[in-house]
Structure formats: structure tokens, C-alpha cells
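Enquirer: Structure incoming, see below.
The values are calculated or read from the model by the stated rules, or taken from the named source; none is laboratory data. Everything numeric here is computed off the predicted structure, so don't read it as measured data. Every residue, glycine among them, receives a Cβ derived from its backbone with ideal geometry; neighbour counts consider all protein chains shown.
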Amino acid sequence: MLLARPRDLGDLVSMRRFDGRSAAAGLTPAGADYLTAGPHEFLWGERSAELTAAMFALQLHVFTGELREVRGGIGRFVGAVAGDTPVRHHVEVTAVHPRADGVTVEVSTGLPVTARAAVLACPADRAAALWAEAPLPVRSHLASMDHSRIDYVYLRTRTPLELRAEGRPVGMEVVTTPEVGGSTLGGVYVANAWADEGGLLLVTAARAAQAANLSDDELADRLQTDVEKLHPEVVGQVTERVVMRHHPYTPTFRPGSVLRLEQARAHLPHGRIDLAGDHMAAPWVEGAIRSGEQAAARTGAALRA
Ligand SMILES: Cc1cc2nc3c(=O)[nH]c(=O)nc-3n(C[C@H](O)[C@H](O)[C@H](O)COP(=O)(O)OP(=O)(O)OC[C@H]3O[C@@H](n4cnc5c(N)ncnc54)[C@H](O)[C@@H]3O)c2cc1C
């Protein structure tokens, strides 16, 4: 896998040849947990056995070197790309009707919008609901995409705390499933740069802890206790806690899903409708961006034809 350099770091189809097996294939359960579960559980909220090996293969090349963040948040990128384009916020698309020369888009407030083409850049289940007449391979891809969940707490600290390993600062620390035991902690992300004053830790629940069944207070208590046990320097530092829960979190690419996606893409654009979103390339920002570029290229070519 390490030698299989992907053509495109933002596109799982680059690693299609690994799609026939799971990321845990060929490993013992303990081996899979130690070697591959870190990124999968922390970043994608799924056990390795649930994910296509194409995910693991691509991540080996994506996550190299230092962690990188967009200063001010990824929303800055979206704003920059949107530029002067008129964007209407807080308007839900309720239906999309293909016409011979374009599309009519019905919206929750205001008059329908007509256009020469439409790209549905929304989660797979929403796209499936909006575009019931999509070609079969497209519907099959959309229907197969489910989403993981993530539960975590932000801990504000009096001062910015650094985690270190062998003298080097650690940006993200993962507790693998065998190490979770009876505790709740699944990982710690050092997010001091996001805080105007003091420090900030993002502490996630391990999948095995089944955080969905815990109240917010209970989850925050458990995660704070666990992180204080692991890093005693946190004791007495926490000034505020905010619990966050994302469900849906990211689309889950199971074994076979990448080839299904490739099939779906081969049927796009269909008429004047196309699709974008992380479920169309890879479940991270780079994938979402790439899917938009691909949809724009397909749609542009169809309009010029
Ligand atoms: C908590 C969290 C942390 C993450 N951290 C990272 C990270 O560190 N690095 C990374 O690379 N990725 C991260 N991701 C993943 C990344 O955010 C996503 O992969 C990416 O945002 C997906 O972009 P998208 O455009 O496909 O979908 P989204 O960003 O979900 O955008 C879809 C948009 O469609 C809108 N929409 C849906 N239905 C309709 C409708 N009917 N009408 C109108 N609008 C509609 C939604 O409101 C939404 O604004 C994280 C995700 C989460 C939830």
C-alpha cells in the first residue's frame, strides 16, 4: 500500500484496487486495532473492519508530516471560492426537476430557480431524496452511503497545555480500542490555536464507549476524568466544557463502495444534474473540494457538447 502512490490524494477512486477488502483484512483483531484503528476511529468514527482498505491506503499518503490547519477555519476557503457568486443562505432545496434545456429547482422560500444545470452538493441521503430519477448506479451509490457519528467535549483550559511524546509536541493523541478498557476517552486533539485566550482541548469518546447512551453531563464528566488521568497537568485547568455530537459525521466507505462510486460517476452528468460532496470522492475536505471540481468539469463539458 505504501508503494501504491495515488494519482489523486483527494479521490478514493485512486485506490480502487484495494476496495475489495476491509482495512483490517489480513490482520488479527488486535493488530488491526493497533495498526489501523487510530485514524479510522478517531477521524472517521468507524472500526477498521467496517472500512474499505482503499481508505487506509489513501490515508497512508494523505496523513504525512505535521498536522495542518486553515487559519480562521475552513469556512474561509468556502467564502473565497464563492467570491462574488450570489449565494442564498438558509434556503432549503425541496425538489429538482430536470427539463430538456436545464433544471427547475424548488426552494423552501421564494420562487423556483431555473438554471442550465444543477450540481447537488449535499449529503448522499439528501441527494437521493431530491433526485429520485437518478440512474440506477447513482441511486445504488447514494443508497449505500451511511454515516458515522462522533461525540466529544471541548475543554477550555486556563493556560494552553501542550502534550509531548519523547520531547516533541503532539497535536493529536489516539487511544486505540484495546487501550480504552472501561474508560471513555478515544482521543485528544490539541486545539489551543482555536482559543482567543487560555487553551482548548478537543476530547473525543471512543466508539466502544457508546457515548450516544450518555447524557451530556455524564459524557463531559467521564471525558474530563479520563483526560486528567492520562495527563495530570490538566487537573485544575478546566474552566468550561462544551459537549458536541455529530450524527451524521462523515460518510462511511465500506468495502466495495469505491467501485460502486466509480460506476456512479461513469453515469454523470445525467441530463443536466450532477453530484458533489465528500461522498463523491473521499470523506474529508480535500475529497469534498475534489468532488466539486470533478462535477464542475463534467457539467461544463456536457453544457459545451
Ligand atoms: C465535527 C467534524 C470535524 C471534521 N474535521 C475534519 C478535518 O479536520 N479535516 C477534514 O478534512 N475533514 C473534516 N471533517 C469532514 C469535512 O467537514 C467534510 O468531509 C466536508 O465538510 C464535506 O463537505 P461537503 O460539501 O460534502 O458537505 P457539507 O459540508 O456537509 O455541506 C453540505 C451542505 O449542503 C446543505 N444542504 C443539505 N441539504 C440541503 C438542501 N435540501 N437544500 C439546501 N442545502 C442543503 C447543508 O446545509 C450543508 O451546508 C469533519 C467533519 C465533522 C462533522
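Enquirer: Looking at (1) closer than 30 Å to Ala100 by Cβ; (2) more than 16 Å from the ligand (Cβ to nearest atom), find the lone condition where Val234 falls short.
Expert: Among (1) closer than 30 Å to Ala100 by Cβ; (2) more than 16 Å from the ligand (Cβ to nearest atom), the lone unmet condition for Val234 is (1).
Enquirer: Please indicate, with yes or no, whether at least one residue in region 255-265 is of a type in the set (Asp, Glu) and buried (at least 20 other Cβ atoms within 10 Å of the Cβ).
Expert: For region 255-265, residues of a type in the set (Asp, Glu) and buried (at least 20 other Cβ atoms within 10 Å of the Cβ): absent.
Enquirer: So in region 254-305, with the set limited to residues that are in a helix (DSSP H, G or I), among the acidic types (Asp, Glu) and modelled with pLDDT of 95 or more, which one is farthest from the ligand (Cβ to nearest atom)?
Expert: First pass over region 254-305, keeping only residues in a helix (DSSP H, G or I): 257-266, 278-280, 285-304.
After this cut, where a residue has to be among the acidic types (Asp, Glu) as well, the list is 262, 278, 286, 293.
From the residues that got through so far, the ones that are modelled with pLDDT of 95 or more too are 262, 278, 293.
On the way: Glu262: 18, Asp278: 4, Glu293: 12 Å.
Ranking the candidates gives Glu262 first.
Enquirer: Looking at Val91, is it more than 30 Å from Glu240 (Cα to Cα), free of Cβ contacts under 8 Å to residues at least 24 places away in the same chain and surrounded by 14 or more Cβ atoms within 10 Å (Cβ to Cβ)?
Expert: Spelling it out, it is not the case that Val91 is more than 30 Å from Glu240 (Cα to Cα), free of Cβ contacts under 8 Å to residues at least 24 places away in the same chain and surrounded by 14 or more Cβ atoms within 10 Å (Cβ to Cβ).
Enquirer: Would you check which residues across region 137-174 are within 16 Å of His231 (Cβ to Cβ), surrounded by fewer than 17 Cβ atoms within 10 Å (Cβ to Cβ), in contact with a strand residue (DSSP E or B) (Cβ under 6 Å, 6 or more places away or on another chain) and acidic (Asp, Glu) and list them?
Expert: Once the filter is applied, which keeps residues that are within 16 Å of His231 (Cβ to Cβ), surrounded by fewer than 17 Cβ atoms within 10 Å (Cβ to Cβ), in contact with a strand residue (DSSP E or B) (Cβ under 6 Å, 6 or more places away or on another chain) and acidic (Asp, Glu), region 137-174 yields only Glu162.
Enquirer: Something else about it: Cβ-Cβ distance below 7 Å, separation of 6 or more or different chains: which pairs start in region 243-270 with a residue that is small (Gly, Ala, Ser) and end on one that is within 15 Å of the ligand (Cβ to nearest atom)?
Expert: Every condition considered, the pairs that remain are Ala264/His141.
Enquirer: Now, a different point. Considering only region 263-305, state which residues are touching a Ser or Thr at 6+ places or on another chain (Cβ under 7 Å) and of a type in the set (Asp, Glu).
Expert: Matches in region 263-305: Asp274, Asp278.
Enquirer: Can you confirm whether Ala25 is in a loop (DSSP other than H, G, I, E, B), in contact (Cβ under 8 Å) with a residue 24 or more places away in the chain and surrounded by fewer than 20 Cβ atoms within 10 Å (Cβ to Cβ)?
Expert: Against the criterion (in a loop (DSSP other than H, G, I, E, B), in contact (Cβ under 8 Å) with a residue 24 or more places away in the chain and surrounded by fewer than 20 Cβ atoms within 10 Å (Cβ to Cβ)), Ala25 qualifies.
Enquirer: Hey, among Gly83, Gly102, which residue is more than 13 Å from the ligand (Cβ to nearest atom), among the small types (Gly, Ala, Ser) and assigned by TED's automatic domain parsing to the domain that holds Pro6?
Expert: Answer to the selection: Gly102.
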